[in-house]
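The values are calculated or read from the model by the stated rules, or taken from the named source; none is laboratory data. Here the structure is a predicted model, which means the values were calculated and not measured. Note that we place each Cβ from the backbone using ideal geometry, even for glycine, and neighbour counts take in every protein chain shown. The protein model used for the area step is the full one, side chains on, heavy atoms only, and it has no ligands, DNA or RNA in it. Shrake-Rupley method; radii C 1.70, N 1.55, O 1.52, S 1.80 Å.
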Amino acid sequence: QLQLVESGGGLVQPGGSLRLSCAASGFTLAYYAIGWFRQAPGKEREGVSCITSSGDSTNYADSVKGRFTISRDNAKNMVYLQMNSLKPEDTAVYYCAVGPIVMCVIWQADDWGQGTQVTVSS
């Protein structure tokens, strides 16, 4: 059964860092583009970052450029989101998701994890 499981969320102070992880099972992650999305209470889910299947191209939302870095380890079936210089407006539930080759262009995924909470507060 295809599964995506996020971890690494938590409470962090503004300016701090977190690294989110997403573990894939039931399929070979290397065949898919994968991205991170987030949703704050009362707001629409938005794309945060995306990486192609080979890892040769990445996309980021303007709000996180220069602060977040997405990476993947296909041998481990894992994807990561390094989050630096965190701001209160980064507070949201973060989801990893997989999709076809166009995913990183259209910000629309096929399969989703259940999410991990990130809270940025003093």
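So Ala23 clears everything in (1) exposed (fewer than 14 other Cβ atoms within 10 Å of the Cβ); (2) without any contact (Cβ under 8 Å) to a residue 60 or more places away in the chain; (3) farther than 19 Å from Val105 by Cβ except one condition, right? Which one?
For Ala23, the failing item is (1).
Do we find a residue being over 21 Å from Val105 (Cβ atoms) and either open to solvent by less than 30 Å² (accessible area, probe 1.4 Å) or touching a Ser or Thr at 6+ places or on another chain (Cβ under 8 Å) (or both) anywhere in segment 42-56? Show your work before the answer.
So in segment 42-56, the residues over 21 Å from Val105 (Cβ atoms) come out as 42-43.
Now drop any that are not either open to solvent by less than 30 Å² (accessible area, probe 1.4 Å) or touching a Ser or Thr at 6+ places or on another chain (Cβ under 8 Å) (or both), which leaves none.
No, segment 42-56 contains no residue that is over 21 Å from Val105 (Cβ atoms) and either open to solvent by less than 30 Å² (accessible area, probe 1.4 Å) or touching a Ser or Thr at 6+ places or on another chain (Cβ under 8 Å) (or both).
Taking the options Gln114, Gln82, Gln108, name whichever one is assigned to a loop (DSSP other than H, G, I, E, B) and touching a residue at least 40 places away in the same chain (Cβ under 8 Å).
Of Gln114, Gln82, Gln108, the one residue that is assigned to a loop (DSSP other than H, G, I, E, B) and touching a residue at least 40 places away in the same chain (Cβ under 8 Å) is Gln114.
Please tell me if Gly55 is under 16 Å from the mean Cα position of the chain (by Cα) and not in a strand (DSSP E or B).
yes
Out of (1) within 20 Å of Met103 (Cβ to Cβ); (2) without any contact (Cβ under 8 Å) to a residue 12 or more places away in the chain; (3) not in a loop (DSSP other than H, G, I, E, B), what's the single condition that is false for Ala75?
Here Ala75 meets the rest and fails (1).
Identify the single condition in (1) farther than 24 Å from Gln1 by Cα; (2) in a loop (DSSP other than H, G, I, E, B); (3) not polar (S, T, N, Q) that Gly47 does not satisfy, given that it satisfies every other one.
So the condition that Gly47 fails would be (2).
Does segment 55-71 contain at least one residue that is touching a Lys or Arg at 6+ places or on another chain (Cβ under 7 Å), polar (S, T, N, Q) and modelled with pLDDT of 95 or more?
No: segment 55-71 contains no residue that is touching a Lys or Arg at 6+ places or on another chain (Cβ under 7 Å), polar (S, T, N, Q) and modelled with pLDDT of 95 or more.
Could you check, for segment 102-113, whether at least one of its residues is open to solvent by less than 50 Å² (accessible area, probe 1.4 Å), at pLDDT 95 or above and under 15 Å from the mean Cα position of the chain (by Cα)? Steps first, please.
Taking segment 102-113 as the starting set, the residues that turn out to be open to solvent by less than 50 Å² (accessible area, probe 1.4 Å) are 103-104, 109, 113.
Now drop any that are not at pLDDT 95 or above, which leaves 113.
Narrowing the set further to residues that are under 15 Å from the mean Cα position of the chain (by Cα) leaves 113.
Checked against the condition, which is being open to solvent by less than 50 Å² (accessible area, probe 1.4 Å), at pLDDT 95 or above and under 15 Å from the mean Cα position of the chain (by Cα), segment 102-113 yields at least one hit.
Would you please name the residue that is surrounded by the fewest Cβ atoms within 10 Å (Cβ to Cβ), looking only at residues in segment 27-41 that are within 11 Å of the chain's Cα centre (by Cα) and of a type in the set (Phe, Trp, Tyr)?
Here the residue is Phe37.
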